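Structure first, commentary second.
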Amino acid sequence: SQLADVVQQAKGTRYYAAHQTQVKVASKALYYGLTTLTGTQTLGEEYCGILQIDERQLYPTLGRRFLMVVLQTGAGFGVARVLAAIRGWLQRRRLRRGQTKAGRAEKMLGQAAALFKSDGLLCQLSMVHLAVFYFTGAYYSFSKRLSGIRYVFMRRLRQGEDEGSGYEILGALLGIQLIVQAIVRLKSWQNRDKDIDGDEMETE
């Protein structure tokens, strides 16, 4: 993004690499703040001819749009930072007590934080949610679903063609991609388990 280029030129590549996640969050917040929050269509919405509405078929209020922007840009990042802070506090307390083995709570926080990684479970669920959107045309993301904001098509498509026609193809392709990724990941887990069992047999 242009903000990333500005940060790299102003602070250097090393600084950008260390704060890449924060820069991405700030970039998304700035973009949605200047578009959705001000009542302007995003480039994607304008290109597809879609408009945001609420359950009353009205344009969302400022409160709804603000909630959507917060959830869309910083919810995952904020939760991940809070989990990391709590886990760090538990780790420091454990080390002060002279304990070397991580406790149950610390392990659970680590597992929860892994959900927010770029290849984590929540990311995969978001992709599934997106595939459903291509079929239904309702809620584009979890943030829009939680804030009650959905899309409505403003432009008429080609004569005799349904509104959703064409987007179902994207949903099907995305669904196939997710299935292939799930199969590859499952095979990877199976191979890893086999390697672990083989190592245990060799040690015996």
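The values are calculated or read from the model by the stated rules, or taken from the named source; none is laboratory data. Here the structure is a predicted model, which means the values were calculated and not measured. Here Cβ is always computed from backbone atoms with ideal geometry, including for glycine, and neighbour counts include all displayed protein chains. The area values use the complete protein model at the heavy-atom level, side chains included, leaving out ligands, DNA and RNA. Shrake-Rupley method; radii C 1.70, N 1.55, O 1.52, S 1.80 Å.
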Of these, VAL23, VAL82, VAL69, VAL128, which one is in a helix (DSSP H, G or I), in contact with a Phe, Trp or Tyr (Cβ under 6 Å, 6 or more places away or on another chain), at pLDDT 80 or above and at negative phi? VAL69
So, in the stretch 133-145, exactly how many residues are surrounded by fewer than 16 Cβ atoms within 10 Å (Cβ to Cβ) and either among the hydrophobic types (A, V, I, L, M, F, W, C) or farther than 16 Å from ILE50 by Cα (or both)? 2
Which listed residue, of GLN99, GLN52, is in contact with a Pro (Cβ under 7 Å, 6 or more places away or on another chain) and either free of Cβ contacts under 8 Å to residues at least 12 places away in the same chain or surrounded by 15 or more Cβ atoms within 10 Å (Cβ to Cβ) (or both): GLN52
Pick from the stretch 28-49, criterion farther than 21 Å from GLY137 by Cα and in a loop (DSSP other than H, G, I, E, B), ranking: least open to solvent (accessible area, probe 1.4 Å): LEU37
